[in-house]
Amino acid sequence: MGLHHYAGRLFAAGIFAVISAGYAEEDHRELGSHVHGRATLAIAVEANSVQIEFAAPGMDIVGFEHEAETARQKRAVETALADLREPLKLFVFPETAGCTVTSAEVNVIAEDDEHHDAEAETDDTAETEELDDRHAEFRATYALACADAAQLTSIYFPFFDRFAEAHALAVTIIDADGQSSSDVTSDYRHLER
Ligand SMILES: [Zn+2]
């Protein structure tokens, strides 16, 4: 106990803080710096709680990053948002871990968002030219509760079946053993820890 115990608690408390700080920083970066075809997934495991942060260029998810204009584009965004709210169908953990989703928050973050409110009616076509070089990302934050997080030894990614334009996913896993990063791709959609 003593110092060791204290250090352990400090570290455990720090995991979610670290992951949150990393993403807060990303909010300030230019969305234009994201790489089309490359999404990111950060998974923090603390005891039997799992927090996941996901970010993907709009190109990977719906094939465009301008504001949805046609009925077809709007439907694509709505369907993608709905599908992203079910993370365990996209990122599959071993059944023995017994994980369930306790919260799922999914958003589209776009450059110049104040001028392109997703709720706004866009009947005027005057702005459409400006929309072409805008970047946008789908971002999600998930919380899972697992029966036995020690069983989280592998992840399978049907994500690539659902989102055919997504080619790679940079996965970072943070747990009590430290941090590890690896890429999964549409050709190799399986991760072993
Ligand atoms: Zn982009």
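The values are calculated or read from the model by the stated rules, or taken from the named source; none is laboratory data. Note that the structure is a prediction, hence the values are computed from the model and not measured. Note: ideal-geometry Cβ built from the backbone for every residue, glycine included; neighbour counts use all protein chains shown. Keep in mind that these areas ignore ligands, DNA and RNA; they rest on the heavy atoms of the full protein, side chains included. Shrake-Rupley method; radii C 1.70, N 1.55, O 1.52, S 1.80 Å.
The figures follow:
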item: Members of region 31-45 found to be closer than 21 Å to residue 162 by Cα and either near the ligand (Cβ under 9 Å from one of its atoms) or crowded, with 19+ Cβ neighbours inside 10 Å (or both), listed by number; result: 34, 35, 36, 39, 40, 41, 42, 43
item: Residue ranges of helices (runs of 4 or more DSSP H) in region 46-150 with at least 2 members open to solvent by 30 Å² or more (accessible area, probe 1.4 Å) and either at pLDDT 95 or above or aromatic (Phe, Trp, Tyr) (or both); result: 71-84, 87-90
